Amino acid sequence: MKFLTSCAVVSIAAAITMAVSQPLLAQAKPSHAHIGHVGDHWSDTPDGMGLLPAAKAEADIAARHAGLAVKAKDVAGIKTHIGHVMHAIDPTSSESGPGKGYGVIKAAKGAVTHINLAAGSAG
C-alpha cells in the first residue's frame, strides 16, 4: 500500500511540475510568442491565422482581382475589381469585396511590429 501511495505522490508531483514548467518555459522565451504571432496565430486575424499568412491571403485576393480588372471588358468591370483590390489591401477604403476583411496593410504592419518585438525580446 505504501508503494501505491508513493506512486500517487510522484504522479501528482510530476503533473504539478509539468503544469508549472510549461508556462515558465513560454515566459523564458518571449521572443517565441511574437514569432508565433507572425507565423501561426493572432487574436483578431481571420480564423486566428498568423499575421504573415493573413497578409499573404489578402495579397493573393488583391492580385487575383487586379488580374480580373485588367481582363475586364468595360469600365464598370474595371471599377468593380479595383474596388475588390482596394478592399483586400485596406477594408476601410472600400465598402465590400471578396477580401477577408483584415487587409494587407494591417496584417503587414502587425507582422513588422511582432518581428521587431521578437528581435528585442529575450530568447
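The values are calculated or read from the model by the stated rules, or taken from the named source; none is laboratory data. Since this is a predicted model, take the numbers as computed values, not measurements. Positions of Cβ are generated from backbone atoms using ideal geometry, with glycine treated the same way; all protein chains shown enter the neighbour counts. Quick note on the areas: whole protein, heavy atoms, side chains included, nothing else; ligands and nucleic acids left out. Shrake-Rupley method; radii C 1.70, N 1.55, O 1.52, S 1.80 Å.
The set of residues in the stretch 70-81 being part of a helix (DSSP H, G or I) and surrounded by fewer than 17 Cβ atoms within 10 Å (Cβ to Cβ) consists of V70, K71, V75, A76, G77, I78, K79, T80. Of all the residues in the stretch 87-104, those that are in contact (Cβ under 8 Å) with a residue 24 or more places away in the chain and either in contact with a strand residue (DSSP E or B) (Cβ under 7 Å, 6 or more places away or on another chain) or open to solvent by 70 Å² or more (accessible area, probe 1.4 Å) (or both) number 1.
When you look at A107, is it surrounded by 19 or more Cβ atoms within 10 Å (Cβ to Cβ) and either assigned to a helix (DSSP H, G or I) or among the acidic types (D, E) (or both), yes or no? Taking the combined requirement at face value, the residue satisfies it. Selection of the stretch 60-69 for residues being open to solvent by less than 50 Å² (accessible area, probe 1.4 Å) and more than 14 Å from K100 (Cβ to Cβ) yields A66, G67, A69. Pairs meeting the criteria (first residue in the stretch 37-59 and open to solvent by less than 40 Å² (accessible area, probe 1.4 Å), second residue part of a loop (DSSP other than H, G, I, E, B) and aromatic (F, W, Y), beta carbons under 7 Å, at least 6 apart or on different chains) are T45/Y102; P46/Y102; G48/W42; G50/W42; L51/W42; A54/Y102; E58/Y102. Sort through A55, A76 and tell me the only one that's modelled with pLDDT of 80 or more and either among the charged types (D, E, K, R) or touching a helix residue (DSSP H, G or I) at 6+ places or on another chain (Cβ under 7 Å) (or both). Just a single option satisfies the conditions, and that option is A55.
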